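Accompanying notes for the structure given below.
Coordinate-derived values only; no laboratory data. What you see is a predicted model; the values in this text were computed from it and never measured. Note that we place each Cβ from the backbone using ideal geometry, even for glycine, and neighbour counts take in every protein chain shown.
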Amino acid sequence: MTDPTISTVGRGYLAELERALSGVAAEVRDGIMSGISEELSGLDAEAAAARIRTLGDPEFIAAEARAETHTDSTPDSSPVPNRRKTSAGEPRWFSVLAALLVALGGIVIPVVGWVIGIAMVWMSTTWRRRDKWVVTLLPVAGTMLATLLLFAQIGAADSPSSPANPLVPSPFDSVWSSVIGSALIAVVTGVWLLWRAKPVWAAESVAADARVAAVGHDTTVPSPSRVGWYPVVTVLLLMLGGYIVPLLGWIFGVGMLWASDAWSRREKWVGTLAGPAAIVAFVLVGLALRLGVGMGAGTGNLTWWHRVLMGGVALPFAANVIAGVWLLRRAGSRRA
Amino acid sequence: MTADVGAQLRKGVVESCVLGLLSREPMYGWQLSEPLIATGMIASIGTLYPVLSRLRAQGLVSSYDQASDSGPVRKYYRLTVAGSQQLSNFRKQWGPFTRTVEELVGKDDNND
């Protein structure tokens, strides 16, 4: 679908349109996408913006397509998506924050900050799935490569027949080089995310102008930030309550969660079990490592405090933050 | 109430209007949508493609790719033989139908 003669603004509009058409029958969606791509093909940015204003709001086009398709009762071969809003309902701060957390979150809060950023990237509708996979796998691939190199060096160092080579970095150097390399990769991928988001933001601005021109006011759906105080307080208690008033604060947050009608039963269970599931997972992995072969030296380096911090603080905190952000977005989409 | 009645009326005839436009010449999507949007038959191009999909499924319309006058290759739509027959049938029925409806609606107005 990527026509090189389509301008950046046009590509952004098409990306927004493709997201809006999520769930529409494949044949109809492909027809709309190819038809509008034809209209934007070969136009410079200014002409494309003018044509986009004529075409109108992608949400409106998609709504009309859905209405016409449902009226026809044509079996929809596309899977019915969840009720998440498209990028027209996603505030720009969300995608900016996600990119920043990917870039710098892992430096501020090692690993956990980056994980939260990646989770927000996957929840965001600003980027394509391919972009999300690149951002997720690139640092992981780099870390795995560094780990393999480290184990190879450890194995070579353990060999009595191989003398120490001053040109080969020591395992200590490799570890620090990997850490610095991972940080650099994270920063590069975070900046790359912002660059990939720019045409989408540009198209959203043009589409917003089209909406205003069509109806005389902005019809942007409410952002998830305007969900009301109750869901926000509930999510904050889930994320932080257990650290302010140990355990009880979190339990109170769970109580508010289940008392609210802002979420479905399934969403409430996710919000409730995210933190405990992270703790259980950490314990199970720890037990598996203890029962594993040849890991005695590795686990001995982790003191009791390390394990408490990791399993009792960092991991459940990350899980609760990810679940909390997800809950706020679900509450926002339901309110809209 | 008026808007709902209008929407229902338009839904009933929009497919025939598309056939009517294509009877003049093969057209691509945006070229079809412009007169339909201008006359209020459809609200946006999003309505058009499901209609075209139905017409193709019924064998009344077919499509082909062709370079347009402005350059890019576009998908053009044209009437099939069955589509021409369908349009002809609609034209034959439309006149008597509108006269019948006008007569009935007119009587209701007189009784008010």
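Cβ crowding within 10 Å, taken as a proxy for footprinting-reagent exposure, orders A:Glu39, B:Glu34 from fewest neighbours to most as B:Glu34, A:Glu39. Once the C-beta distance of B:Arg78 and A:Ala259 is scaled by a Förster radius of 45 Å, the resulting FRET efficiency is 0.15 to the nearest 0.05. For A:Glu16, A:Glu59, the sequence from fewest to most other C-beta atoms within 10 Å is A:Glu59, A:Glu16. Hey, how many Å between the Cα centroid of segment B:15-34 and the Cα centroid of segment A:227-281? Value for the Cα centre distance between the two parts: 55 Å.
Given a Förster distance of 25 angstrom, what is the FRET efficiency for A:Trp305 paired with A:Trp122, based on the Cβ-Cβ distance and rounded to 0.05?
On the way: r = 32 Å, r/R0 = 1.27.
So the FRET efficiency works out to roughly 0.20.
By the combined test of axial Cα extent (at least 20 Å) and Kyte-Doolittle hydropathy (mean at least -0.5), the qualifying DSSP H helices of chain B come to B:2-24.
Listing A:Leu104, B:Leu79 from the residue with the fewest other Cβ atoms within 10 Å to the one with the most, what is the order?
Fewest-to-most ranking of A:Leu104, B:Leu79: A:Leu104, B:Leu79.
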